[in-house]
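Okay, so here's the structure we're looking at.
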Amino acid sequence: MSWGTELWDQFDNLEKHTQWGIEVLEKYIKFVKERAEIEINYAKQLRNLSKKYQTKKNSKEEEESKYTSCKAFQTTLNETNDYAGQHEVISENMTSMIMTELTRFVQELKQERKSNFHEGRKAQQHIETCWKQLESSKRRFERDCKEADRAQQYFERMDADINVTKADVEKARTQAQIRHQMADDSKGDYSSVLQKFNHEQQEHYHTHIPAIFQKLQDMEERRIARLGESLKNYAEIDRQVIPIIGKCLDGITKSAESINSKQDSQTVIESFKSGFEPPGDVDFEDFTQSMKRTVSDTSLTNTRAEGKSEPKTPGKSRGKLWPFIKKNKGATPEDFSNLPPEQRRKKLQQKVDELNKETQKEIDQRDALTKMKDVYMKNPQMGDAASVAQKLIEVGNNIEKLRIEVQKFEGWLAEVEGRLPARNDNSRRQSALYETQNTAPVNNCAQDRESPDGSYTEDQSQETEVKVTPTEFDDDFDDEEPLPTIGTCKALYAFDGENEGTISVAEGEILNVIEEDKGDGWTRIQRSEEEEGYVPTSYIEVYLDKNAKGAKTYI
């Protein structure tokens, strides 16, 4: 079926229909454009969402990323980011493969349609002109025939009238003959124009208009076919990313399956274990022994002599557990001596690894600068070798500084790793942090409950304050001699001794040293006979008595 034969008289309707077809195509282009905008905005929101929950560098979250559950969540965020990328691909492909192509195609259709209908209008105008010429020729022939008939009738009246002169009759005859000739000429012209019109009309309705309408039909069929192809592309663009989106979802599923609750529990142990041994049992303290001392002066004297190694601070009980676990306020010591042994070892190892990475970067930079210097020396026009030499010196100094730092931290690390296995060897804090009476069994108990760094500990929930009602026997304890002073110290920083067994000091304060640092980062000091405790060694400047064993001055 052809538009040219079936719709030969529907020029106006075809014009409206083809315009509607182009509008449908433009509506589809607008739909695809809005879909592409939705996809790109969705991708942007997904990327922002993924970025919002990404682990921040140099934060606590980065330390938490070692857990399998956190790793799985991190993988989910990364896969979501890749998922967003596929929606960006959808938007880009719809823009390039559908919108851009169809917009160009619509412009071509509009131009082609305009050209075809312009040609059709010209054909219509031509046939209308031919029709007008035919009508004009017909009216002229009709008019000339009527004029010839009137001239003939006038001649006949004149010829019958006897009163009319012969000249007038001849004039009427001549005029009638002229009108008849004009009618014959009009008849011939009308016949010629009619034949021409019929020929033009035949060409118009069987050749010109069918050809134009056939072009319009082809154009419309191409538009419809192109719309069908675009709809296929619309679906194919989505289908192409489905496998990749499936891989993203598979990655999320795989990460979820990789979560290991047992491994995370073990990671918690490795992250927070202190390296201390749990405290031992608390032994019974027999306070009735103080009554037995009154039996004889000799027994009292002996008791005092035995008790000198474990001096007592009157009215105080320092039987707290884990007194140094909490972080003290103030600057963190460079060697992390404020941390428990296991945590300190991990921090030192982490610091050594970071320094080694920085050192390797500097070495790589030095190698690159060395090669550059050689090139500049061989080809001076390429650059200044002297400037590179200066940079090499700077890099060399940086490498040397980093190596010194590495050696320093490796020394501390070796010290910690060498001490960690011997968890119960250090009992040097016994006399400072646990108050005893004058019996050997109690001393052994305190020794069993010490932490690896030598500090005596006891659970906070089991804390008890021993308050002894003043009696006549209190004077016997007050006469016990405190530990001898082995030097003095000056507080470099203020320290707030919040934990049991520590003591608060103010910046610049001068105090007595009664027990030096045993390697755990704490020094025992005394403000008065009733005020003593431990402070971080890095917070004070110590001046030991020259006569004291191992006397030295350090910060």
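The values are calculated or read from the model by the stated rules, or taken from the named source; none is laboratory data. If you're wondering where the values come from, they're calculated on a predicted model, not measured in any experiment. Don't worry about glycine lacking a Cβ; one is built from the backbone with ideal geometry, like all the others, and counts go over all protein chains shown. Side chains are part of the model used for accessible areas, which takes the heavy atoms of the whole protein and leaves out ligands, DNA and RNA. Shrake-Rupley method; radii C 1.70, N 1.55, O 1.52, S 1.80 Å.
Over what distance in Å are the Cα centres of region 509-528 and region 1-38 separated?
96 Å
Tell me, what % of the accessible area of region 93-164 is carbon and sulfur with a 1.4 angstrom probe?
The value for region 93-164 is 48 percent carbon and sulfur by accessible area.
Any idea of the accessible area per residue across region 27-144, 1.4 Å probe, to the nearest Å²?
Per-residue accessible area for region 27-144 comes out at 64 Å².
Considering only C-alpha atoms, what is the centroid distance from region 390-421 to region 238-271, in Å?
Centre-to-centre distance over Cα atoms comes out at 38 Å.
Among Leu194, Gln153, Ile209, whose Cα projects farthest towards the positive end of the dipole of region 133-219, with charges put on the beta-carbon of Lys, Arg (+1) and Asp, Glu (-1)?
Most positive-ward Cα: Gln153.
Only Lys, Arg, Asp and Glu count, each charged at its Cβ (+1, +1, -1, -1), so figure out the dipole size of region 147-199 about its Cα centre, rounded to 20 debye.
For this selection, approximately 100 debye.
Expected output is a single nm value to one decimal: the length gained when fully extending between Ile242 and Gln133, i.e. 0.36 nm times separation in residues minus the C-alpha distance. What is it?
32.3 nm
Work out, step by step, the length gained on full extension between Leu249 and Glu221: first 0.36 nm times the residue separation, then minus their alpha carbon distance; give nm to one decimal.
Gain on extension, Leu249 to Glu221, equals 5.9 nm.
How would you rank 178-186, 373-381, 126-134, highest first, on the average number of other Cβ atoms within 10 Å across their residues?
Put in order of decreasing packing, that is 178-186, 126-134, 373-381.
Given a 1.4 Å probe, how much area per residue of region 341-396 is accessible, in Å²?
Using a 1.4 Å probe on heavy atoms only, each residue of region 341-396 averages 65 Å².
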